[in-house]
Amino acid sequence: MKRWFQSKTINTPSPVGALLSYLVLGFWALLILFPLYWLVITSFKISSQVAEGPFYIPFVDYQPSLDAWKYILVGDLSKDTLRNFTNTAIVAPVSALLALVFGTTAAYALVRFEYRPRVGAILTFIGCVLLSIFTISKGVPWQIALAVSAVVFFLLLQTIGRRFQRALGNNDIAFWMISQRMLPPIAVVIPIYILFQKLHLLDTYIALIITYVTSNLPIVIWLMRDYLNTIPIELEECAAIDGASRYRIFSSIVLPLAIPGLVATFLFVLVFTWNEYLLALFLSSAKIQTLPLTIAAQNATRGPQWWNMSVLILIMIVPVIVIAIVLERYITRGLLIGAVKG
Amino acid sequence: MDTKHEEFQHSRLHTIISSATDRLAGSVFILPTVLALLFLSIFPLIASLYVSLAKFDIAPGGFKFTFVGLKNYKELFTGSEGTHFLGKFAPSTPLTWIVFGVVVMALAVFLARYLLKGKVSMGGLMGRILLTIGLGLLSWMLVHTLWNGGRLGTASTTLVYVFVGIFFQYILGLGLALLTVQNLPGRRFFRVIFLLPMMITPVGVAYMFRMLTDTSKGPFTPIWQALGLIDFSWVNNAWGARTAILIGDVWQWTPFMFIVLVAALESQPTEPIEAATVDGANSWQIFQHITWPAILPVSMTLVLIRLIEAFKIVDLPNVMTNGGPGTATQSLTYHAYINWRALDLGASGAVAYMLLFLVTFFSMIFVNLIRQRTVEAL
C-alpha cells in the first residue's frame, strides 16, 4: 500500500503523485487547447453556422465548409493576405536579426569594456536636444536646427562639459538601456509618426524595421548580458595573448559559445515583432501592413468575420510554431545559463 | 635585404592600425545601440513631453502645436477627464479611513525602521519619502474607487490588471513548471503545448476570447443557460468584463513565466536535494529551503520584465469589450489611444506620460527595494 505514495528516485514522483500531476497538466493542456480547437472549427464555419449558436463537432453538429480558407487564400482577400504575409515575413525576421546583432555587441561591450560617460556631457547633450526640438517647433528648418545644436553641443562639451567630472559606470548604462523598455509605445508613437512623416518614410519597411529594432534592443541586451557574463574570460585572454584582435575574439570565440543564448533571444524577439500590432497600426497605412492588422481589419462594418479571423490567426501561428519546434532544444539551454545569473 | 625591410615596415604599420582599431573597439561595439536608442527613444520622449504640454490643432497646410503649459495635466486630474483617469471617488466612510489608516501606518513603520537603522543617506531618504507619498496617494485612490459608489478610473484599472494578472501568471507558471520538471513520460509534449499561447498575436488572442466569452453563440452557452445567465452578459458587468480580460491576459502570459522558470529549475544542482532527501526532508521543506531560494533571483527578473510589459496592456480591452461597459475596462494605453483617435494629442500625451510615470515608479520600487532585499537576503 505504502509504495503507491513513495517515489523511486528524487525526481520521479510516486504513482499517486504522478496521477495527480497528470490530472493538473492535462487540465491546463485542455485550457490551452480548447480555445485553439474552437479557432480551428470556427475557421471551417460559414456565417450562419456561427450566428445560429454554438456547434462543437464538425460533420456531427454542422457541415464544415472551406469558404473562409478559400476567401483568404485564393479568393478576394488572397492578394492582401499574401502581401501582408510577405511584409510580416520580411519585417519580423529582419528586425529580430538586426536587434540581435546590435544588442549582442552592446551587451558584450557592457560585459567586457569599461565606460565612464561624464554627467556633464550627458546634461549638455540633453540640453542640445531640447534646443533643437524647441527651434524646430518654432518653425526653423530641421537641417539648420540640428546643425546648430550639434555645433553648440561640441562647444559646450569642450568648455562646460569638462568641468563636471562625475562619471557613470557600465551598470548605469545598462540600466538606462533596459529602462527604454519602460516607455509605453503609446508615449513615443506620436513623435515617431511625425518624425517618419517628415522624413517621408511612413509606410515603408525602413520605418517599421527601425522602430522594431530599437524597441527590442533592450530585451536583447537584458537577456544577452546575463548570458555573456557566464562565458569564462580566460578563453578571451588566451586569444588576446595570441594576438587576436577584439573583433576576432568576439566573432570566433564569444559568438560560437553564445549560440544557445542567441537562439533563445532571437526566438523571443521574433515572436514579439511577428505579433506586434500598435506600432504597425500607426506606421503603416496601405503597402506595409502586417498580418495582425489584417486580423483586426476583419472586424468590419458587418461585424467581426469570425471565420476569416480564425483562418488568419491560424496562418499566423504556424510559422512561429515551426521555428519554435526546430529551435526548441536551444531554448531551454539558452535560457538556462542566462537564468542562473538572474 | 630590401624586401625584408619592407616586410618589417608593413607589419609595423599593420600593428599600429590594428591597435588603433582595437582601441576603437569599445566604441564600435556599443555606439550603434546608443545612437539607435537616442534616436528613437530619447528624442520621442522629449518631443512627446512637449506634445503633452501643448494643444494640437489642424492648421492650413498641416497641423500646429500651441504651448499651453500644464493645462492637459490639470484637466486630467481635476477637469472633465478627472473621473475618466482617476475614477469616481466614493465618499469616505469609517471603513475606508481604517483601510487607508492601516496603509499609512505600514508606510510610517517602513520609514521609521529605515531612520532607526542609522545608515541614512540623502538619496535613500528622498527615495523612501517619495515612495511613501506615492503609495499613500495611490492607496487613497484605490480605497475610494474600489468602494461601493466609487468607480475605477483608467489608472486604477491598469493597476488591477498588472498586479492581479502577474500574481496569477506567476503562481500558475511556477506550479506548472514544478510539475513538468518531474520525471514524467510525456513532459516534453506538455511543455510544447504550454508554450503555444505566447506565440499567438495579442490581437488574435483578444478576438479569440471575445468569441469564447460570447454568452449566446460562444462554446459555453449551455453553461450560461443552465445558470440562467443567458440575458445577463457578463461582459456587460464591470467586474465580469475585467475578469474576462484578466483571464485572457493570464492565458497568454503564463507561458512566459513557465518557460523561464522551467529553465531555472532545470539548472539547479541536484546534490543539495539528494542530501536533504537522505536527511529525511519532505518535499515541502525541500521546496522551501532549497528550490525557492535557488529560483528567487530569476523570479525577480521575470516579475520585473512582466511588470514593465503588463502596464502596456491594450489589445485585450480594445477588442474584447471596447473598453466598456462605460470606461470600466479601459487601460491607460487604451485611454491615450482614445484621446489620440479624437485628435486630442495633448491629452493623449499627458495620459501616456502619467503611464510612464507609474511604470517608472513601480519599477524603481521593485529594483531598489524588493529585488535588492530578497536577493541580498540569500
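FYI, it's all coordinate maths here, none of it is from the lab. These figures come from a predicted structure and were not determined experimentally. Backbone-built Cβ (ideal geometry, glycine too); neighbour counts: all protein chains shown.
A few points about this structure:
- Over chain A: helical MRE at 222 nm, DSSP H runs n ≥ 4 each giving -39500 (n - 2.57), nearest 500: -23000 deg cm²/dmol
- Mean separation of Cα contacts under 8 Å (6+ apart) over length of the stretch B:286-378, as relative contact order %: 30 percent
- Furthest towards positive pole of dipole, B:Gly87, A:Gln197, B:Asn236, structure part the protein assembly as shown, Cβ charges: B:Gly87
- For the protein assembly as shown: rounded, prolate or oblate by the Cα gyration tensor [a/c cutoff 1.5]: rounded
- For residues of A:25-32, the mean tally of beta carbons on other chains within 10 Å: 6
- Measuring between alpha carbons in the structure, the pairs from A:Lys198/A:Lys287; A:Lys198/B:Lys74; A:Lys138/A:Lys198; B:Lys74/B:Lys312; A:Lys45/B:Lys217; A:Lys138/B:Lys64 lying more than 20 angstrom apart are A:Lys198/B:Lys74; B:Lys74/B:Lys312.
- Cα lying deepest toward the dipole's positive end in chain B, options B:Ile133, B:Thr301, B:Ser156, charges on Cβ: B:Ile133
- Shown in residue order for the stretch A:225-239 are the 3J(HN,Hα) couplings computed by the Karplus curve 6.51 cos²θ - 1.76 cosθ + 1.60 at θ = phi - 60°: 5, 4, 5, 5, 4, 7, 7, x, 6, 4, 4, 5, 4, 4, 4 Hz (x for Gly and Pro).
- Cα gyration tensor, the stretch B:94-146 - rounded (a/c under 1.5), prolate or oblate: oblate
- Taken about its Cα centre, chain B carries a charge dipole of roughly 820 debye when the Cβ of each Lys and Arg holds +1 and the Cβ of each Asp and Glu holds -1.
- Spin-label pair B:Phe77/A:Val318, simplified geometry with 7 Å Cα→Cβ offset, distance in nm: 5.4 nm
- The aspartates and glutamates within cross-link reach of B:Lys88, meaning a Cα-to-Cα straight distance under 20 Å and a gap of 8 or more places when in the same chain, are B:Glu75.
- Computed over chain B with a Gaussian network model linking Cα atoms closer than 10 Å, the most mobile of B:Val164, B:Val192, B:Val143 is B:Val192.
- The length gained on full extension between B:Leu130 and B:Phe357, counted as 0.36 nm times the residue separation minus their Cα-Cα distance, comes to 80.5 nm.
- Label zone at B:Lys88 (point 7 Å along Cα-to-Cβ), backbone N below 20 Å, the stretch B:128-152: B:140-152
- Mean partner shielding of peptide B:207-217, defined as the number of other chain Cβ atoms within 10 Å of each residue Cβ, is 5.
- The stretch B:180-254 and the stretch B:95-149: distance between their alpha carbon centers, rounded to Å: 36 Å
- Selected from A:Pro35, A:Pro13, A:Pro260 as most flexible by GNM, with chain A as the system and alpha-carbon contacts under 10 Å: A:Pro13
- For the stretch B:287-294, the Karplus equation 6.51 cos²θ - 1.76 cosθ + 1.60, evaluated at θ = phi - 60°, returns couplings of 4, 5, 9, 10, 5, 4, x, 5 Hz by residue, with Gly and Pro reported as x.
- Among the residues of A:240-252, the average count of other protein chain beta-carbon atoms within 10 Å of the residue beta-carbon is 2.
- Spin-label pair B:Gln285/B:Leu137, simplified geometry with 7 Å Cα→Cβ offset, distance in nm: 5.0 nm
- Each residue of the stretch B:337-349 was assigned a 3J(HN,Hα) from its phi angle through the Karplus curve 6.51 cos²θ - 1.76 cosθ + 1.60 (θ = phi - 60°); the sequence is 5, 4, 4, 5, 5, 7, 6, 8, 5, x, 4, 4, x Hz, with glycine and proline shown as x.
- Distant-in-sequence amide H partners of A:Ala244 (H built 1.01 Å from N, under 5 Å): none
- The residue among B:Leu115, A:Val111, B:Thr277 whose Cα reaches farthest toward the positive pole of the charge dipole of the protein assembly as shown, with charges on the beta-carbon of Lys, Arg, Asp and Glu, is B:Leu115.
- This model, with +1 at the C-beta of Lys and Arg and -1 at the C-beta of Asp and Glu, gives the stretch B:67-223 a dipole about its Cα centre of some 400 debye.
- The Kirkwood hydrodynamic radius of chain B, based on inverse pair distances between different Cα atoms, is 25.1 Å.
- Förster-model FRET efficiency, 35 Å R0, A:Val151 and A:Val326, C-beta, rounded to 0.05: 0.10
- Sequence-separation-based contact order of chain A, relative, with Cα cut under 8 Å and 6+ spacing, percent: 25 percent
- Only Lys, Arg (+1) and Asp, Glu (-1) charged, at Cβ; chain A dipole about Cα centre in debye: 700 debye
- In this structure the amide hydrogen of B:Thr321, modeled in the peptide plane, comes within under 5 Å of no amide hydrogen from residues 5 or more places off or on another chain.
- Relative contact order, percent, chain B [alpha-carbon distance under 8 Å, six or more residues apart]: 21 percent
- Model label sites at B:Glu271 and B:Ile223, defined 7 Å from Cα along the beta-carbon direction, differ in position by 4.9 nm.
- Amide H within-cut-off set for B:Gly87, under 5 Å, with H built and near neighbours excluded: B:Gly153, B:Thr154
- For the stretch A:118-167: rounded, prolate or oblate by the Cα gyration tensor [a/c cutoff 1.5]: prolate
- Label zone at A:Ala240 (point 7 Å along Cα-to-Cβ), backbone N below 15 Å, the stretch A:96-131: A:108-115
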